[in-house]
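A.B. asks: One structure, as structure tokens, below. Some questions next.
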Amino acid sequence: MTHLTLASFLAQYGYLAVFVGCLLEGEAILLLAGFAAHQGYLSVTVVTLVAFCGGTLGDQAYFLVGRKWGKHLLDRVEWIRAKAPAVNRLLLKHDAGLIFSVRFLYGIRIAGPVVIGMSEVSARRFLTFNVLGAAVWAVVVTGAGYLFGESMKSVFAEFGHYEGLGAIGLVVVMLVIGIAHRAAARRKAQP
């Protein structure tokens, strides 16, 4: 039986986790991947490219779901219905800006592309600004995780033998914060 280390786990599943995470919301997993890249477990270039692909494909899929089944989802899914008025207000004022920045806007990361898919925005226009937004998002969020790793360099130098435990602890803390944030947003959206 082989011993699974953090390094072997990340080498085997790290990029897949980044891709799947970025198909969904992705910020926490991407920050962690940037941090792992700084620690030498992953390539920062590959993490950024995988995040770009996952983020682009995820939002394109949500847009197409909105285009095809948006009205049905609006009738049946409360959290999408709750976000639709805010997305539509932003869409009327700044459609390109909204498409570009939707992945940076907490609370409408998934509902935004679905609602935009229900609008008159063309698939080509959405694709153009989605690709640009995903490129910037992938670089910024991966870079933030990488810079966090750089800022923690001196801490890890003193506690290097606890690096694996620290990385696992960081993952747990990020997941707990993400879950708590999502639960609070859902409670707020419920009437």
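Okay, residues lined up against (1) at pLDDT 90 or above; (2) farther than 23 Å from G14 by Cα:
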position: E25; (1), (2): no, no
position: T45; (1), (2): yes, no
position: T48; (1), (2): yes, no
position: G54; (1), (2): yes, no
position: W69; (1), (2): yes, yes
position: L73; (1), (2): no, yes
position: E78; (1), (2): no, yes
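A.B. asks: Something else: Before we move on, is F63 buried (at least 19 other Cβ atoms within 10 Å of the Cβ) and either at pLDDT below 85 or of a type outside the set (K, R) (or both)?
C.D. replies: Numbers: buried (at least 19 other Cβ atoms within 10 Å of the Cβ): yes; either at pLDDT below 85 or of a type outside the set (K, R) (or both): yes.
Against the criterion (buried (at least 19 other Cβ atoms within 10 Å of the Cβ) and either at pLDDT below 85 or of a type outside the set (K, R) (or both)), F63 qualifies.
So that you can scan it fast, the table gives a plain yes or no per residue for (1) in contact with a helix residue (DSSP H, G or I) (Cβ under 6 Å, 6 or more places away or on another chain); (2) not aromatic (F, W, Y):
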position	(1), (2)
Q12	no, yes
A37	yes, yes
V44	yes, yes
A51	yes, yes
F63	yes, no
R67	yes, yes
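A.B. asks: Next question. Of the numbered conditions (1) at pLDDT 65 or above; (2) surrounded by 15 or more Cβ atoms within 10 Å (Cβ to Cβ); (3) not hydrophobic (A, V, I, L, M, F, W, C), R187 satisfies every one except a single condition; which is it?
C.D. replies: Just one mismatch for R187, condition (2).
A.B. asks: While we're here: Report every pair of residues separated by at least 6 positions or lying on different chains whose Cβ atoms are under 7 Å apart, first residue within segment 93-115 and within 9 Å of G133 (Cα to Cα), second part of a loop (DSSP other than H, G, I, E, B) and not β-branched (V, I, T).
C.D. replies: Between residues of segment 93-115 that are within 9 Å of G133 (Cα to Cα) and residues that are part of a loop (DSSP other than H, G, I, E, B) and not β-branched (V, I, T), the close pairs are V102/R109; R103/R109.
The values are calculated or read from the model by the stated rules, or taken from the named source; none is laboratory data. As the structure is a computational prediction, the values presented were derived from the model and not from experiment. Glycine also receives a Cβ, built like all others from the backbone with ideal geometry; neighbour counts cover every protein chain displayed.
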